[in-house]
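Read the figures in this text as sums done on the coordinates, not as results from a lab. Every value quoted in this text rests on a predicted model; they were computed, and no experiment measured them. In this analysis, Cβ positions are derived from the backbone assuming ideal geometry, glycine residues included, and neighbour counts consider all displayed protein chains.
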Amino acid sequence: MSIHFLQHVLASLQSFHSQLIVVVQKLHLPVGEKWLDEYMDESARLWEVCHVIKSGLCNMENYYSAAITIATTLENHHFFNSQISRQVLRGINGCIRERVGLEEENKGLIRTRIQPLMMRFDENVIIESKFNGFNGFRGVLFALRNTNSLLMMILLSGLVYCSPATRLSSSCHGNNTLSYAESNSVFGSGFMVSTLRLHEKVMESEDGLNGVLLYEFWSARTAIEELKSEVERIRMTRMEFDVSERVEKVKTCFVGLQCGVENMIVQLDDFFDEIVDARKKLSDLCTHS
């Protein structure tokens, strides 16, 4: 998953949330009713998951900083001998340890903070009359919650760690899910069916994969491992080789990773502000109605 794609996923998450606020304002919902609590619960879940995503991104900082430092230091060393190669290998091995450490830390974030949130589709088929509760707000929130789950699962898999905890429950494909007719009766379209089909597509592409699935992360990882292999070869042969192309590739990949991570963090911070504003706006709406 490229950083560009994941930025679009996060933008979709933001857009759906902002559209829900518009819907609430148009429905003139009753003051003091449960609808506000239901929205607050969902926005709190959004807040928590996005903070986990931000933590996972911040964990990458030491990794890409170490690699960029190595590449910058080596820019003027086009030819390596065995003595220089030993020094470089120590730096590369330190960088690789940073990657292993961040993946372990991110895996822990998924286990301790995401699993309790039950990142999966709401599988309980609720009778149509309940979906229409609060002038249809409950049906909209139901659809949003399930769509949010899918989008957050994609973000977590790409930016934090892909594991069974970030794959939505396989029982979503069982008898407890909405049928096509049921989804039509609730939403007037195949909305939930389309969402489930997208979920199946994502699951097919992630089958058997673990770790951070960000394309730029994997490109950077490959670049540093290729440089390591080249330096080890130099050390074994005790000859000089030109590694400037490998070094440039490492720098390009890791600078690209750094820029992508920093842009995602800015986008997440904007979303946090939007969630805070929305919660205040809806609370005020009830207070002043």
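Assorted remarks:
- Farthest toward positive dipole pole in segment 211-289 [+1 Lys/Arg, -1 Asp/Glu at C-beta], among I234, L213, F254: I234
- Interchain or long-range residues, amide H under 5 Å from F241's placed H: F80
- Cross-link pairs exceeding 32 Å between alpha carbons, from the set K107/K251; K107/K281; K26/K107: K107/K281; K26/K107.
- Segment T69-Q83, length gained on full extension (0.36 nm per residue, minus Cα span): 3.1 nm
- Fewest-first ranking of K280, K107, using other Cβ atoms within 10 Å as the exposure measure: K280, K107
- At R0 = 45 Å, FRET efficiency that the Cβ-Cβ distance of N210 and D284 yields, to 0.05: 0.50
- Site pair R97 and D269 shows an inter-label distance of 3.1 nm when each label is modelled 7 Å from Cα along Cα→Cβ.
- Label point distance in nm, S2-Q25, each placed 7 Å from Cα along Cα→Cβ: 3.5 nm
- Amide H contacts of G211 (H built 1.01 Å from N, under 5 Å, at least 5 apart or other chain): C162
- E232/T112 FRET efficiency (R0 41 Å; Cβ-Cβ; nearest 0.05): 0.65
- Computed 3J(HN,Hα) for segment 96-113, one whole-Hz value per residue from the Karplus formula 6.51 cos²θ - 1.76 cosθ + 1.60 where θ = phi - 60°, is 5, 5, 4, 5, 4, x, 5, 5, 5, 5, 5, 4, x, 4, 5, 5, 8, 10, glycine and proline marked x.
- Sequentially through segment 6-11, phi angles give Karplus couplings (6.51, -1.76, 1.60; θ = phi - 60°) of 5, 5, 5, 4, 5, 4 Hz, Gly and Pro residues having no value and appearing as x.
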